[in-house]
Amino acid sequence: MEQENIILHTEKMVRAQLLNEKSGHDWYHIERVTKTARKIAKEESANLFIVTIAALLHDLADDKVVENEEQGLATIQKWLESQNIMKEDIQHIITIIKHMSFKGGNGIPLTTIEGKVVQDADRLDAIGAVGIARCFVYSGQKGQLIYDPDIEVREEMSKDQYRHEKSSAIHHFYEKLLKLKDLMNTETGRKLAKERHHFMHQFLEQFFEEIHE
Ligand code: ADP
Ligand code: NI
């Protein structure tokens, strides 16, 4: 019961904080990721409480959502401490959030099953029909075109290029989205990624067919 209450409280806090988020990290992204993460957690026998709380909080330290990642993490830590959660669990949740982003993914890999599960769920929300929609919303917000035929398609990009070079929504598929299927950590994640990945290929095929008509 105590854990149920902590989950409800955390949901309420995150929902309020992300109500006006417009970069694709809105509350409904969090809700989808949490639901998917719980589904994977059950299949993979991961700790459901840790997975749920980490999924709910996972974007609150992202520099697309808050101004400063360190400050974001400190706020999350304070929240967890206010919720009567065990010290080791707090540390575990913080580690997951810290290392979960794509940037983090280039550095230290997540070692616990709970971290792997939440990361898979977050990546699943970046692919398939939902992922396509999010990519266009994010691109629009950044002022990127749907597709810029003058930019070459780059499948290998340095971190710096990825951050600073001109891109487009369609280019982002090649830069990141089509790679996510092979980055899945868990068997369940891999299974769920398959259909979504296939759908993105179908979408791109149709897109290029239409623009080359
Ligand atoms: P998350 O925080 O959910 O792990 P990101 O912060 O990397 O994901 O991105 C959020 C959403 O915005 C994703 O759906 C992603 O595809 C999209 N996105 C991120 N960077 C770009 C970009 N440069 N161009 C288009 N879409 C992007
Ligand atoms: Ni996310």
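The values are calculated or read from the model by the stated rules, or taken from the named source; none is laboratory data. Bear in mind that the values here come from a model prediction, so they are computed numbers and not experimental data. Neighbour counts run over all protein chains shown; Cβ positions are idealised from the backbone, glycine included. Note: areas computed on protein heavy atoms with side chains; ligands, DNA, RNA excluded. Shrake-Rupley method; radii C 1.70, N 1.55, O 1.52, S 1.80 Å.
Counting other Cβ atoms within 10 Å, keep those with at most 13, restrict to DSSP loop, and tell me which GluC sites (Glu not before Pro) in the range 22-111 are left. Before the final figure, lay out the partial values.
Details: sites: Glu31, Glu43, Glu44, Glu67, Glu69, Glu70, Glu81, Glu88; in loops: Glu67.
Answer by residue number: Glu67.
Hey, could you grab the Kirkwood Rh for the range 162-213? Inverse mean 1/r over distinct alpha carbon pairs, Å, one decimal. Each step should come with its number before you reach the end.
Numbers: mean 1/r = 0.0807 Å⁻¹.
Hydrodynamic radius (Kirkwood, Cα pairs) of the range 162-213 is 12.4 Å.
Residue by residue through the range 79-91, which ³J(HN,Hα) values in whole Hz follow from phi under the Karplus form 6.51 cos²θ - 1.76 cosθ + 1.60 (θ = phi - 60°), with glycine and proline marked x?
4, 4, 5, 6, 9, 6, 9, 4, 3, 5, 5, 4, 4
Averaged per residue, what accessible area in Å² does the chain show with a 1.4 Å probe, protein chains only? Mind dumping the intermediate values first?
Working: 12030 Å² over 213 residues.
That works out to 57 Å² per residue.
Between the helical axis of 2-18 and the dominant principal axis of the chain, each derived from Cα atoms, what acute angle in degrees is found, rounded to the nearest 10?
Relative to the chain, helix 2-18 is tipped by roughly 40 degrees.
I'd like the orientation of helix 113-124 relative to the chain: the angle between its Cα long axis and the longest Cα principal axis, in ° from 0 to 90, rounded to 10.
Tilt of helix 113-124: around 30 degrees.
Give the angle, between 0 and 90 degrees and rounded to the nearest 10, that separates the Cα long axis of helix 48-57 from the longest principal axis of the Cα atoms of the chain.
Here the helix axis deviates by roughly 60 degrees.
Charges only on Cβ, +1 for Lys and Arg, -1 for Asp and Glu: so what's the dipole of the range 1-130 about the Cα centre, in debye to the nearest 20? It would help to have the intermediate numbers written out before the result.
Details: 15 positive and 21 negative charges, 45 e Å.
The dipole magnitude comes to about 220 debye.
So how exposed is Arg134, as accessible area in Å² (1.4 Å probe, rounded to 10)?
40 Å²
So what are the radius of gyration and Dmax for the Cα set of the chain, in Å?
So, for the chain, Rg and Dmax equal 17.6, 61 Å respectively.
If the cut-off is a Cα-Cα distance under 18 Å, which lysines reach Lys35, setting aside same-chain residues fewer than 8 apart in sequence?
Lys12, Lys116, Lys191
Thinking of the range 101-213 as a set of Cα atoms, what percent of all their pairs are more than 20 Å apart?
Working: 2788 of 6328 pairs.
Percent of Cα pairs beyond 20 Å in the range 101-213: 44.
With every protein chain left in place and a probe of 1.4 Å, what is the accessible surface of Thr75, to the nearest 10 Å²?
90 Å²
Two decimals is fine: what's Rg over Rh for the range 20-112, C-alpha atoms, Kirkwood radius as Rh? Display every interim value, and only then the final one.
Values: Rg = 12.9 Å, Rh = 13.7 Å.
Ratio of gyration radius to Kirkwood radius for the range 20-112: 0.94.
Quantify, in whole percent, the carbon and sulfur part of the accessible surface of the range 73-213 (1.4 Å probe; protein heavy atoms only).
52 percent
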